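To keep things clear, I will list the structure first and then write my remarks on it.
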Amino acid sequence: MELIIIAVAAVVAIVAVAAISERIAVAAPLSMVVVGIALSFLPGLPKIQVDPEWILAGALPPLLYATAVHVPAHDFRRDFKAIAGLAVPLVVLTTVCCGLLFHALLPGLGLAFAFALGAVVSPTDAVAATSVGRRLGLPSRLLTIIEGEGLVNDASSLVLLGSAVAATTGTVHLWKVGLDFLYAVAVAIVVGLVVGYANIRIRPLLKDPVLSTAASFVIPFLAWVPAEELDASGVLAVVVAGLVTGHLSPGVMPARDRLAETVNWETVAFLLESGIFLLMGLELKTLLDADAAAGLSVGQAVGIGLAAAALTLALRIMFIGPLVSVLRRDAGRAAAARPELEKIHSQVTDPEVRHRFSARRMENIALRLARAMGDVDFLVSESFGWRGGVVLAWSGMRGVITVAAAQSLPDDTPFRPQVVLIAFVVAGTTLLAQGLTLTAPSTPTCSPTWRCRARPCSTIPAWPGRTGALTTARCSTGSGRPHWPGPASPRPPSLTR
């Protein structure tokens, strides 16, 4: 009965705080952390301590899946350079620099555990950054990069964390860390692809939205568990499964199934997201008591945490500057390539050229040309400016995964209570300080046309036999597949769903 009362009270508190957050225009995760911190100091409140496995293996997979399903796969591909840069090199740089900082400020911690703590504080929190970004109405390209970074960088940081922990009991070579990372990524991608494709092929056979939605709740774990058992990245496997599902399901699954799934998943994700951030705040008093009981300095832990938070922000700013320059250079190159693509298009629509190839070959050429022109339009119309770079740099918030990863460190970690408190300070400082002060650019960094993160369509005029123009569109389906509009327009069998 006591657990039932606690669960009911938690849901009521979550709904109430979220409703108030909506009125005061503050992202719900930030409010949950503040409320949790305040409640943790109430007299008589029992000790709050959650097994990190419940967070990392219980709440994280469905939250990652729920986010990945709604990330446009085409946008993820187009911004993969930026996402990969933020998710791998920046994480490695932050791990090394923060590890050296912790080793200097906590000499008794040891270099290996210092790097482990650096890996803990290196990844950003996808849930918090996305929630704040949507609240502010950030441009879709910024949201895609922020979401993609948060979804992928957990994989690289957890691999680094595992390598650092392994180094505490033996020798670990850099080449082995690199091989472990490549193995974890490759196996995770394969597992995610298999689960994602199986998901969209099997669930439509159920022919019932209730059964289909119920089955969808186990998909994240079907990707997570095999990947983890194979010593790969469960995080990346779940993300890949979510991207595949979100990209292909509109053309395979019935609309009523997708509608029911969306509504139910939004509710589950809301409760999980709010619950873990509320728990994060509630744990503060427990962490302070554990630190004091171990005879360690709370003030020292807070000071080191603040220094680490400042360092992570400085490293991110230094990394974002060159990244924005690269993205602007890519936009310039795309604009220069547009005339060449138009020349190719004129050749493709030339009757003399069309008769030299089969209809299927012409379809493939048209699809590739449509994708290329869509990529060019995307890079040119949504090029980054310095305002977008500032927002991207300020969006590097840490969250509950940082605290859970710190709590998963071995029991023999030196200064373990202080290490966990340092991780909490880094997460709480970046989450509240950056989340509450983050503002949208005064002028858009891109020009989305639709509310659902759509772009102006890339169009290839019709050739004989087509009554409409070939376009790549994204809105109601989110698939971005080429199609010929108009009820009388013949559509190739290969494109018909």
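Bear in mind that the values in this text are calculations on the coordinates, not laboratory data. Quantities reported herein were computed from a predicted structural model and do not represent experimental measurements. When we count neighbours, we look across all protein chains shown, and the Cβ atoms used for this are built from the backbone with ideal geometry, even at glycine.
List of remarks:
- D_trans [Stokes-Einstein, Kirkwood Rh over alpha-carbon pairs] for segment 26-165, 10 °C, 1.306 mPa s, µm² s⁻¹: 94 µm²/s
- Relative packing of peptides 138-151, 411-424 - highest average C-beta neighbours within 10 Å first: 138-151, 411-424
- Whole-number percent relative contact order across the chain, with pairs defined as alpha carbons under 8 Å at least 6 apart: 21 percent
- Rg/Rg_globular for segment 160-315, with Rg_globular taken as 2.2 N^0.38 Å and Rg from C-alpha atoms: 1.40
- For segment 177-246, fraction of C-alpha pairs farther apart than 16 Å, in %: 45 percent
- Per-q log10 I(q)/I(0), segment 321-401, q = 0.14, 0.24 Å⁻¹ (Debye; single scatterer per alpha-carbon; no solvent): -0.63, -1.07
- Debye intensity ratio I(q)/I(0), log10, segment 1-92, q values 0.10, 0.12, 0.13 Å⁻¹ (C-alpha model): -0.46, -0.64, -0.74
- q = 0.11, 0.13, 0.16 Å⁻¹: log10 I(q)/I(0) that the Debye formula gives for segment 293-429, counting C-alpha atoms only: -0.65, -0.73, -0.88
- Whole-Å semi-axes of the chain's equivalent ellipsoid (Cα gyration tensor): 43, 25, 22
- Förster radius 35 Å - calculated FRET efficiency between residue 205 and residue 49, Cβ distance, rounded to 0.05: 0.20
- Stokes-Einstein diffusion coefficient of segment 257-360, Kirkwood radius over Cα pairs, 10 °C, 1.306 mPa s, in µm²/s: 76 µm²/s
- The lysines within cross-link reach of residue 47, meaning a Cα-to-Cα straight distance under 25 Å and a gap of 8 or more places when in the same chain, are 285.
- Computed from Cα atoms, the angle from the helix 2-24 axis to the main principal axis of the chain rounds to 60 degrees.
- With eigenvalues of the C-alpha gyration tensor scaled by 5 and rooted, segment 169-218, Å: 38, 11, 5
- Taking the centroid of alpha carbons for each part, segment 23-83 and segment 190-241 are 21 Å apart.
- Each peptide among 48-54, 400-406 gets the average number of other Cβ atoms lying within 10 Å of its residues, and from highest to lowest they stand as 400-406, 48-54.
- When each of the peptides 110-118, 365-373 is scored by the mean number of other C-beta atoms lying within 10 Å of its residues, the order from highest to lowest reads 110-118, 365-373.
- Rounded tilt (10° steps) of 255-293 against the dominant C-alpha axis of the chain: 20 degrees
- Cross-link reach list, aspartates and glutamates versus residue 81, counting only Cα pairs under 13 Å and skipping chain neighbours closer than eight places: 149, 330
- Whole-Å distance, taken between Cα centres, linking segment 139-174 and segment 248-327: 14 Å
- Cross-link partners for residue 176 among the aspartates and glutamates, with Cα-Cα distance under 16 Å and sequence neighbours closer than 8 places in the same chain left out: 231.
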